[in-house]
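Here's the structure, in structure tokens; my notes come after.
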Amino acid sequence: MPPTTDAFDPAVAVQVLAALLFCLGAAVALVRRNVFLILMGIELMLNAVNLSFIGFARTLSGDASLWGHITPIFTIAIAAAEACVGLAMVICITRRSDTVDSDHFAGMRE
Amino acid sequence: MNELNHIVFHACFWLMAAASLLGAIGLLTTRHPLHGALYLIGVMSALAGLYLLLDSPFLGVLQILVYAGAIMMLVVFVIMVLNRAKDGDARRPDILSLLGALVPLALAAVIVPQLAGLPLATRAGEAYRGEVPAIAEHLFRTDGGQGYWLLFQLIGVLLLVAIVAAVLLAKRTLDTPADDAAAKDDHAAHH
């Protein structure tokens, strides 16, 4: 069934929004030097992917549509584990080098 | 009545979409990590609203509970515990990091036109709504269909391992060997 023009379908808009949010999250993770902002950029990227899954779920039929609702559950659990370990590492590194600027975390390079 | 529903849906959809994009831009440009965390909570709340609009009430609630509630609370808590918020003021993005922004910019330039041209259409009535009974039925299906219960158990194990790892990582720096010995003495003295 092709999309009709009189009733605007949000399915494509959702995917574009998810792509823009993903790119903004990637920009935060790449541009900012504060480790907290880097971690938050990664969280934003994971959120954008979840939005994409849910957007696609509405364009499928039957059982296939539910997979779009089930996969984000696992993404959210992975994100929780990642935030948990990531923040513990931030605490660990900050106690050692007394900064949250990622430019100072170059111990592996020397 | 249907017309009114349509208008309300679109008003909510574009409001949430704009809020999430503005929040993400705020996160990119903020000077203070704590403000960044608040922007991100705004993005996540807007996304939760979008999930509710897009037939996924369970994930909308999960988004607020786990993301905006638990994960961001943890982030804000650690920022405040380390009290390093002012460190973020010192560094502005320099040339090298602005070059890094070219990568996501190029990514957006490649992906967005492709996505905008996709022949996607909402299948009202055919697609399941993401409600708890339907999700649970498919997640824990054992009648020979493709169930995810094993993956669900593994996620539980992963979370447990992550918690133990986080405790070990954060603890190792807290007690130096000297403190450890003192604590042991203290413990022995109590007995």
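In the stretch B:1-20, of all residues being over 20 Å from B:Gly69 (Cα atoms) and in contact with a helix residue (DSSP H, G or I) (Cβ under 9 Å, 6 or more places away or on another chain), the one that is surrounded by the most Cβ atoms within 10 Å (Cβ to Cβ) corresponds to B:Ala17. Taking the stretch B:52-75 as the range and being surrounded by 24 or more Cβ atoms within 10 Å (Cβ to Cβ) and touching a residue at least 40 places away in the same chain (Cβ under 8 Å) as the test, the residues that pass are B:Ser56, B:Leu59. The residues of the stretch B:100-121 that are at pLDDT 85 or above and either in contact with a His (Cβ under 8 Å, 6 or more places away or on another chain) or not small (Gly, Ala, Ser) (or both), listed by number, are B:Leu102, B:Val103, B:Pro104, B:Leu105, B:Leu107, B:Val110, B:Ile111, B:Val112, B:Pro113, B:Gln114, B:Leu115.
Screening A:Asp98 with (1) under 25 Å from B:Leu50 (Cβ atoms); (2) more than 7 Å from chain B (Cβ to nearest Cβ) gives one miss only, at (1). What residue, among those in the stretch A:24-38 that are under 18 Å from B:Met80 (Cα atoms), hydrophobic (A, V, I, L, M, F, W, C) and facing another protein chain (nearest Cβ under 7 Å), is surrounded by the fewest Cβ atoms within 10 Å (Cβ to Cβ)? Out of the qualifying residues, it is A:Leu37.
For the stretch A:60-110, a residue qualifies if it is of a type in the set (S, T, N, Q) and either modelled with pLDDT under 90 or more than 22 Å from the chain's Cα centre (by Cα) (or both), and the qualifying residues are A:Ser61, A:Ser65, A:Thr94, A:Ser97, A:Thr99, A:Ser102.
The values are calculated or read from the model by the stated rules, or taken from the named source; none is laboratory data. Note that this is a predicted model, so its numbers are computed, not measured. Because the Cβ atoms are built from the backbone with ideal geometry, glycine has one as well, and the counts that use them run over all protein chains shown.
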